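**Q** The structure that follows is given in the form of structure tokens.
Throughout, read-outs are computed from the coordinates displayed, never taken from laboratory work. Computed from a predicted model, the values in this text were never measured in an experiment. Positions of Cβ are generated from backbone atoms using ideal geometry, with glycine treated the same way; all protein chains shown enter the neighbour counts.
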Amino acid sequence: MNGTETTNAYGEWLRQYPWSLWTTLTFRHPPSSQRAIDAWHKAARRFDGSTFWWVATEEGKLYGRVHLHGLIGSNQIRALSVSDARDDQGLGVWWKERYGIHHIRDYDPEKGAAHYIAKYVSKGLSDWEAGGTWPDLSRLIQSETLTDV
């Protein structure tokens with residue numbers, strides 16, 4: 001499997017999960033990749049027990065600063081929304097107070113966020129972590145199949 005095929009495989013695998021949010025998190029004071037991941041762990045403690053996530057580091061091309069790209073999903077019936085992340089108790093405010101700038105958007109599977117993260121992971125250009133309570137894909141696929149009938 002070549003690099004493009006590997007990236008596409010990772011991207012398609014990530015894309016099948018019910019993500020709610022896509023985020024880019026930056027730092028006022030650039031950390032190492034591991035410290036960036038550690039910061040994410042602190043942020044992830046703010047999520048409830050039904051949340052799952054995938055995050056990868058990227059070293060910026062222009063200034064060489066490490067930042068994070070993340071996908072966040074929820075097993076709740078109501079998906080997370082940007083307003084959940086930006087409210088006064090949400091991830092965005094919490095991140096800005098402690099680390100730096102955040103860009104949090106509703107996840108749109110057609111815009112390629114899963115493949116964007118997959119590109120860094122599959123090429124070994126990124127440290128990454130996954131955590132939370134991941135959904136059972138076999139149940140999701142079965143549920144979608146039943147509703148399509």
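**Q** Neighbouring Cβ atoms within 10 Å as the yardstick, rank K111, K119 fewest first.
**A** Working: K111 12, K119 21.
Least crowded to most crowded, the residues run K111, K119.
**Q** What's the extension gain from E5 to S32 if we count 0.36 nm per residue and subtract their Cα-Cα distance?
**A** Numbers: separation 27, 0.36 × 27 = 9.72 nm, distance 2.90 nm.
The E5-S32 span can extend by a further 6.8 nm.
**Q** Among H29, H69, H115, which comes first, second and so on when ranked by fewest other beta-carbon atoms within 10 Å?
**A** Values: H29 8, H69 20, H115 17.
Fewest to most other Cβ atoms nearby, the residues stand as H29, H115, H69.
**Q** Treat the count of other C-beta atoms within 10 Å as a stand-in for reagent exposure and order S122, S50, S74 from fewest to most.
**A** Taking fewest neighbouring Cβ atoms as first place, the list is S50, S122, S74.
**Q** Given N residues in the stretch 1-82, what is its alpha carbon radius of gyration divided by 2.2 N^0.38 Å?
**A** Details: Rg = 14.4 Å, N = 82, 2.2 N^0.38 = 11.7 Å.
Rounded to two decimals, the normalised Rg is 1.22.
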